[in-house]
Amino acid sequence: MVQTQESPVKIMSAGQNEKTKEMLQQLKVVTVIGSGTMGNGICHVFAQHGFEVHMMDIKQEALDKAVSTISKNMDRQVAKSSLSEEAKKEALSRITTYTDMAAAVKDADVVVEAATENIDLKIKIFQELDRLCPEHTILATNTSSISITRIGSYTKRPGKVIGMHFMNPVPVMRLVEIINGYATDNAVTQLIHDLSAYLGKVPCVVADYPGFISNRILMPLINEAILALQEGVAGVEEIDTIMKLGMAHPMGPLQLADFIGLDTCYSIMHVLHMGFGNQKYAPATLLANMVQAGYLGVKSGEGFYKYTVGSKDLVVSERFDTKKWK
């Protein structure tokens, strides 16, 4: 382990065994692969809790944008008095950006991969990480649906490969879904569980099946809402309103799909469909068509709703705005 700085992890729970305590206290450097929405959120949380964070992406412009996003999100915390200005400056000073993976991971104790939800890309990244990282490094992935066992099988350290699925937005959402691959060591699971708790999250450990728990339940719900829209059962606003007011969901399934990204929803449904071999998980044709056409939700400016920079109004896309009554 790197000895150049003291680990930020000092407060341990009484229930931790000595081995876990020792491992936690040795964690100093966390590398995050990917600087998008999830990647920069993960960097934010680790930096805020005292870790030296190495944020790696292939483009410096993406990294600069991510650091700016983290700074703005911390400004919101400062405005709410949940973070001091001094703590913000200290947290930002702990983040170093890299475009070279070897440099980003050479001192890493934990790597969290947060790249696009694409199995071929993740396998390529993990093969590189396995080759470049120190022997002790734990390799975690933020995948929301792809098999941890499969990813780990492409490395020489499957026992140190684990799922660490944060929720969006990472600084706000408390859940971390921890996924054990078939070969994941129990000590690694315990360490990631306790590390998540140290970050102020609520860790839940699940087994490695397609979609795990979160997306095995959530994505079919979203897909069913899209099918209902596709079949003309109800409009966008009606579907979301029924689920918000009738089921006490804070956000309707179609708005949530826009927020997640329709391309991500499609990818997860494809993983479920292929993994279970059950037609009930087949992505809705409307979802596939929207992704193919580039209507991806918030990230593209339009999905089931239309998004305008600077506006918080929820406006149904003209493609679905067919209401004839007031």
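Yes/no per residue for (1) surrounded by fewer than 17 Cβ atoms within 10 Å (Cβ to Cβ); (2) in contact with a helix residue (DSSP H, G or I) (Cβ under 9 Å, 6 or more places away or on another chain):
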site: Lys280; (1), (2): yes, yes
site: Ala284; (1), (2): no, yes
site: Met290; (1), (2): no, yes
site: Gly294; (1), (2): yes, yes
site: Gly301; (1), (2): yes, no
site: Phe304; (1), (2): no, yes
site: Ser311; (1), (2): yes, no
site: Val315; (1), (2): yes, no
site: Glu318; (1), (2): yes, no
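Considering only residues that are within 24 Å of Pro169 (Cβ to Cβ) and modelled with pLDDT of 70 or more, which ones fall in the stretch 1-28?
Leu27
Answer yes if at least one residue in the stretch 30-43 is at pLDDT 95 or above, of a type in the set (A, V, I, L, M) and farther than 14 Å from Met164 by Cβ, and no otherwise.
Checking the stretch 30-43: not a single residue is at pLDDT 95 or above, of a type in the set (A, V, I, L, M) and farther than 14 Å from Met164 by Cβ.
Return the total of residues in the stretch 69-96 being of a type in the set (Lys, Arg), in a helix (DSSP H, G or I) and more than 16 Å from Pro169 (Cα to Cα).
Matching residues across the stretch 69-96 total 2.
May I ask you to list the residues in the stretch 99-121 that are closer than 15 Å to Ser35 by Cβ, surrounded by fewer than 18 Cβ atoms within 10 Å (Cβ to Cβ) and in contact with a helix residue (DSSP H, G or I) (Cβ under 9 Å, 6 or more places away or on another chain)?
Correct list: Thr99, Thr116.
Out of everything in the stretch 78-98 that is open to solvent by less than 50 Å² (accessible area, probe 1.4 Å) and of a type in the set (Val, Ile, Thr), what residue ends up being farthest from Gly163 (Cα to Cα)?
For the stretch 78-98, the residue satisfying everything is Val78.
Does the stretch 46-59 contain any residue that is at pLDDT 95 or above, among the polar types (S, T, N, Q), in the same structural domain as Ala104 (by TED's automatic domain parsing) and part of a loop (DSSP other than H, G, I, E, B)?
Scanning the stretch 46-59, I find no residue that is at pLDDT 95 or above, among the polar types (S, T, N, Q), in the same structural domain as Ala104 (by TED's automatic domain parsing) and part of a loop (DSSP other than H, G, I, E, B), so the answer is no.
Might you let me know whether the stretch 134-142 holds any residue that is more than 24 Å from Met274 (Cβ to Cβ), open to solvent by 10 Å² or more (accessible area, probe 1.4 Å) and touching a residue at least 24 places away in the same chain (Cβ under 8 Å)?
Scanning the stretch 134-142, I find at least one residue that is more than 24 Å from Met274 (Cβ to Cβ), open to solvent by 10 Å² or more (accessible area, probe 1.4 Å) and touching a residue at least 24 places away in the same chain (Cβ under 8 Å), so the answer is yes.
Among the residues of the stretch 189-228, how many are open to solvent by less than 20 Å² (accessible area, probe 1.4 Å), touching a helix residue (DSSP H, G or I) at 6+ places or on another chain (Cβ under 8 Å), part of a helix (DSSP H, G or I) and not β-branched (Val, Ile, Thr)?
Here the count works out to 7.
Scan the stretch 287-312 residue by residue and report those that are modelled with pLDDT of 95 or more, over 22 Å from Thr116 (Cβ atoms) and over 23 Å from the mean Cα position of the chain (by Cα).
Lys306
Restricting attention to the stretch 200-207, does a residue exist that is without any contact (Cβ under 8 Å) to a residue 12 or more places away in the chain and assigned by TED's automatic domain parsing to the domain that holds Val172?
no
Suppose we keep only residues that are assigned to a loop (DSSP other than H, G, I, E, B) and touching a Lys or Arg at 6+ places or on another chain (Cβ under 8 Å) within the stretch 108-132. Which one would you say is farthest from Tyr154 (Cα to Cα)?
Step by step, filter the stretch 108-132, then rank; the result is Asp109.
Given the criteria open to solvent by 50 Å² or more (accessible area, probe 1.4 Å), more than 30 Å from Glu22 (Cβ to Cβ) and among the polar types (S, T, N, Q), does Gln255 qualify?
Answer is no for this residue.
So the check is Cβ under 8 Å with 6+ separation or different chains; which pairs have a first residue in the stretch 273-288 that's free of Cβ contacts under 8 Å to residues at least 60 places away in the same chain and a second one that's basic (Lys, Arg) and surrounded by 14 or more Cβ atoms within 10 Å (Cβ to Cβ)?
Short answer, once both residue conditions are applied: none.
Gln190 versus (1) within 23 Å of Gly41 (Cβ to Cβ); (2) touching a residue at least 60 places away in the same chain (Cβ under 8 Å): which is the lone unmet condition?
Of the numbered conditions (1) within 23 Å of Gly41 (Cβ to Cβ); (2) touching a residue at least 60 places away in the same chain (Cβ under 8 Å), the odd one out for Gln190 is (1).
Please find, within the stretch 19-45, the residue that is surrounded by the most Cβ atoms within 10 Å (Cβ to Cβ) out of those that are assigned to a helix (DSSP H, G or I) and β-branched (Val, Ile, Thr).
Ile42
Return a yes/no flag: does the stretch 225-232 have any residue that is touching a residue at least 40 places away in the same chain (Cβ under 8 Å) and either under 24 Å from the mean Cα position of the chain (by Cα) or in the same structural domain as Phe51 (by TED's automatic domain parsing) (or both).
yes
The values are calculated or read from the model by the stated rules, or taken from the named source; none is laboratory data. This one's a predicted model, so the numbers in the text were calculated from it and none came from an experiment. Note that we place each Cβ from the backbone using ideal geometry, even for glycine, and neighbour counts take in every protein chain shown. Keep in mind that these areas ignore ligands, DNA and RNA; they rest on the heavy atoms of the full protein, side chains included. Shrake-Rupley method; radii C 1.70, N 1.55, O 1.52, S 1.80 Å.
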